[in-house]
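Laboratory data are not the source of any read-out in this text; all were calculated from the coordinates shown. It should be emphasised that the depicted structure is a prediction, and the values quoted were computed from it without experimental measurement. We place every Cβ from the backbone using ideal geometry, glycine too, and count neighbours over all the protein chains shown.
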Amino acid sequence: MNVDLQRPVFVLDGVDVPFTTGQTVMQAALAAGHYIPHLCYHPEFKPHGSCKVCTVRVNGQTFASCTLPAQPGMEVESNTDELNDKRRTLVQMLFVEGNHFCPGCEKSGNCLLQAVAYDLGVMSAELDHLFPNRPIDASHPDVLLEFNRCILCELCIRASAEIDGKSVFALSGRGITKHLIVNAESGRLADTDIALTDKAMEVCPVGVILPKRVGFRVPIGQRRFDASPISAQALEDAPRTPAPRARGQA
Amino acid sequence: MSDAPKRKLRVATTSLAGCFGCHMSVLDIDERLFDLLEHVEFDRSPITDIKHCGPCDVGLVEGGICNAENIHVLREFRKHCKVLVAVGACAVTGGLPAQRNHIDLGACLQEVYVTEPSVRNGCIPNDPELPLLFDKVHALHEVVHIDYFLPGCPPPADAIWKFLTDLLAGRTPHLGHGLIHYD
């Protein structure tokens, strides 16, 4: 194997994965071309560890691989029936907690929740749907907020605060009542300074934050995850470590 | 092939709170229907107009549960079908009809049949023959055990074909990338 011998290595599902000190298991795995299913992890943001879809098993214990620092010699299990069953259940819980009506969603085909579910072979939510009542916010002239689809990944919160410097979004409530809110006295998006060019506009993995007047301009069937499954595409998004130099070769 | 003709699988289909779009998608398997008919025969189905389901190998149910009659039909299918399949978004999740679930049923009927601007002299239907509406629309698995789910609005014809041919061949149906669609 073409592995840089100077870099430490951990083992993921029986395969050596080289890493740089400070990388998490998720970062090193993606950079080395190994997919671990995930939702709230985004390569441009500090790992958050909230969705738990990236859970792996190390020495019998489970950890969120996006926040777990890689250690030399670590034996990590990810692609096992047991962990994929747990991931399916987590994804199914996200589907029943919100109102995810894919046939009517502009994000369908570009949605990470849907794509992860396809990839894990989720054929049904299997649990009882909660059908929460979450009114939409259409107050802003350019942006629609569809709270029914929020999975509480906090990517919009992180993007708006850390990159846009605006803190347009926040979470409120605890447990099952936890929900996304807009940081304005009126609670309306129209009363914030969000703009279409904001990072917060592009990071939503599901169909909560949508630019208006876009809709189905790209038809269903020609969308991002129609081309190939997310397990293939997540690797394309991952920041690459420089190609390791094999010793003894020019 | 052995000389003895194999017994044809008996299949029943119905649409509950659905739009018959999934049945249209079954027809969309086109000329492969002739191949299918070599292996299956239909029991209760809009194709045969048989009104009640007898003993069947496979039941394909489109649509969710929105009224008391839906429950009776679904239970009849569960009782008589060895393998019961939820076909399409409405059967799997409640789908479009379930979008009324956060609205009070009385207010919903009032809007549709009385106050909606295009309605003249409207009234809420109350004929005793009409099945009782439920306040919420439910997915099939919330009422009876479902053996397989075929998502999609509708499931693509190729997904239906793959599912049925896997089942006919005695394999666990498996839809890969491109055939699993929720939209």
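The lysines whose alpha-carbon is closer than 21 Å to the alpha-carbon of B:K79, local same-chain residues fewer than 8 away aside, are B:K8, B:K51.
Estimated from helical segments only, the mean residue ellipticity of chain A at 222 nm is -6000 deg cm²/dmol, where each DSSP H run of four or more residues counts as -39500 (n - 2.57). Would you please classify the overall shape of chain A from the alpha carbon gyration tensor, given that a ≥ b ≥ c denote the square roots of the eigenvalues, rounded means a/c under 1.5, and beyond that prolate means a/b larger than b/c while oblate covers the rest? The shape class here is prolate. Residues B:R120, A:R149, A:R223, ranked from the fewest to the most other C-beta atoms within 10 Å, line up as B:R120, A:R223, A:R149. Could you line up A:R213, A:R87 from fewest to most neighbouring Cβ atoms inside 10 Å? Ordered by Cβ neighbours within 10 Å, fewest first: A:R213, A:R87. For region A:66-120, the percent of C-alpha pairs falling in each 5 Å distance bin, counted from 0 to the bin holding the largest distance, reads 4, 15, 20, 19, 15, 12, 8, 4, 2, 0. Based on the Kirkwood radius over alpha-carbon pairs, what is the Stokes-Einstein translational diffusion coefficient of the protein assembly as shown at 4 °C with 1.567 mPa s viscosity, in µm²/s? Taking Rh from Cα pairs, D becomes 53 µm²/s. Each DSSP beta bridge with both residues in chain A is either parallel or antiparallel, and the antiparallel ones are about 90%.
Thinking of region A:85-226 as a set of Cα atoms, what percent of all their pairs are more than 26 Å apart? Here the long-distance tail beyond 26 Å is 24 percent of all Cα pairs in region A:85-226. At q = 0.15, 0.22 Å⁻¹, what is the base-10 log of I(q)/I(0) for region B:63-135 according to the Debye formula with one equal point scatterer per Cα and no solvent? Please give it to two decimals. With one equal scatterer per Cα and no solvent, log10 I(q)/I(0) is -0.65, -1.07. Spatially, region A:90-151 and region B:134-150 are offset by 19 Å when compared through their Cα centroids.
What share of the DSSP beta bridges in chain B is antiparallel, in percent to the nearest 5? Roughly 20 percent of the DSSP beta bridges within chain B come out antiparallel. By the count of other C-beta atoms within 10 Å, a proxy for reagent exposure, B:I103, B:I124, B:I29 are ordered fewest to most as B:I124, B:I103, B:I29. Taking only Cα atoms of region A:93-151, what ratio of Rg to Rh do you get with Rh as the Kirkwood inverse-distance radius? Taking Rh as the inverse mean 1/r over Cα pairs, Rg/Rh reads 0.99. Sorting A:32-39, A:122-129 by average packing, meaning the other beta carbons within 10 Å per residue, from highest down gives A:32-39, A:122-129. When +1 charges are put on Lys and Arg Cβ atoms and -1 charges on Asp and Glu Cβ atoms, the dipole computed for chain B relative to its Cα centre reaches about 480 debye. Short version: what are the Cα gyration tensor semi-axes of chain B, square root of 5 times each eigenvalue, largest first, in whole Å? In descending order, the three semi-axes are 34, 18, 14 Å. Note on the protein assembly as shown: antiparallel DSSP beta bridges, both residues inside, total approximately 55 percent of the bridges counted.
Pairs with C-alpha atoms separated by more than 29 Å, drawn from the list A:K46/A:K166; B:K136/B:K162; A:K107/A:K199; A:K46/B:K136; A:K107/A:K178, are B:K136/B:K162; A:K46/B:K136. Around the Cα centre of region B:74-176, unit charges on the Cβ atoms of Lys, Arg, Asp and Glu (plus for the first two, minus for the last two) sum to a dipole of about 400 debye. Helix B:157-168 sits at what angle to the longest principal axis of chain B, using alpha carbons and giving 0 to 90 degrees rounded to 10? With both axes taken from Cα atoms, the answer is about 50 degrees.
Among the residues of B:96-109, the average count of other protein chain beta-carbon atoms within 10 Å of the residue beta-carbon is 2. Between the Cα long axis of helix B:68-80 and the first principal axis of chain B there is an angle of about 10°, rounded to the nearest 10.
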